[in-house]
Amino acid sequence: ILMDFASVKEGLRMKLVNYEANRELLEDVPYVKFLDLAAIFYLLVQENEEGRMTALVHNEHMKNWKTDREEIYGIAMGNMKEKQPATLESLNSIMRAIAEEHQIEMPDELMDEPLEMELYVLSNRSGMLGAASILYSEELEKLADKFASDLVILPSSIHEVLVARTNETVDYRDLNALVQMVNGNDVPQEDQLSNSVYLYDREKKEIRIAFQGEPLR
């Protein structure tokens with residue numbers, strides 16, 4: 001089934017992984033480097049209520065398909081924009097929805113964070129491998145325009161990133177320490193994305209590393 005490119009290309013998707021931590025894997029798969037990350041490709045073979053079946057794209061597949069990395073990247077990008085559009089939700093809204101669903105009372109002081117301090121979760125509609133949405137999402141541009149400022153991006157996991165307004169008082173070293181602590185304590189190793197902190201530059205409409213963290217192991 002993986003031999004016929006025409007029949008599988010609609011299933012092409014991308015996910016972001018840490019570049020250094022996946023050097024061995026990257027020798028065997030097509031990828032596009034992005035900051036200290038790499039976008040690698042997979043096929044979404046099946047998706048239903050019970051879960052997802054995927055297959056990683058290897059160099060051998062690309063060779064058999066008589067295609068190249070640039071074509072695969074373009075197709076995967078188009079598929080994800082259409083079928084896995086990016087979602088941007090405030091963390092408070094997500095917490096409220098969870099609290100209502102489970103009938104949990106949340107303290108008012110926790111839920112009434114000032115708008116300029118609020119964290120947003122950028123992912124995709126399925127919530128799976130949604131960190132890759134930073135590659136194609138226009139949500140960052142919209143949020144930066146709303147705040148009229150650059151944005152700080154924290155790599156929460158391969159499934160999502162956290163986004164907030166930035167200003168001259170933001171201490172990237174402290175944020176980096178927080179990211180490393182969360183990765184070390186709360187995120188399974190296979191889901192860790194990076195220990196770095198990123199910045200979305202509103203003027204240039206691009207993402208760069210604001211603080212380089214320790215390499216993932």
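Determine the pairs where a residue that is of a type in the set (A, V, I, L, M), located within the range 149-175, has a partner that is open to solvent by 60 Å² or more (accessible area, probe 1.4 Å) and not in a helix (DSSP H, G or I) with Cβ atoms under 8 Å apart, the partner being 6 or more residues away or on another chain.
L151/R165; L151/R202; V152/R165
Suppose we filter the range 55-68 for residues that are surrounded by fewer than 18 Cβ atoms within 10 Å (Cβ to Cβ) and part of a helix (DSSP H, G or I); how many remain?
Number satisfying all stated conditions: 4.
Within the range 21-53, how many residues turn out to be open to solvent by 60 Å² or more (accessible area, probe 1.4 Å) and assigned to a strand (DSSP E or B)?
Summing the residues that are open to solvent by 60 Å² or more (accessible area, probe 1.4 Å) and assigned to a strand (DSSP E or B) in the range 21-53 gives 7.
Mind checking which strands (runs of 3 or more DSSP E) fall wholly inside the range 124-217 and carry at least 1 residues that are within 17 Å of F34 (Cβ to Cβ), modelled with pLDDT of 90 or more and open to solvent by 30 Å² or more (accessible area, probe 1.4 Å)?
151-157, 160-165, 206-211
Answer yes or no: is there a residue in the range 69-88 that is open to solvent by 60 Å² or more (accessible area, probe 1.4 Å) and in a loop (DSSP other than H, G, I, E, B).
No, there is no match, as no residue in the range 69-88 is open to solvent by 60 Å² or more (accessible area, probe 1.4 Å) and in a loop (DSSP other than H, G, I, E, B).
The values are calculated or read from the model by the stated rules, or taken from the named source; none is laboratory data. Fair warning: this is a prediction, and the values are worked out from it, not measured in the lab. Cβ sites come from the backbone with ideal geometry, for glycine too, and all protein chains shown count toward neighbours. These area figures cover heavy atoms from the full protein model, side chains too; ligands, DNA and RNA do not enter into them. Shrake-Rupley method; radii C 1.70, N 1.55, O 1.52, S 1.80 Å.
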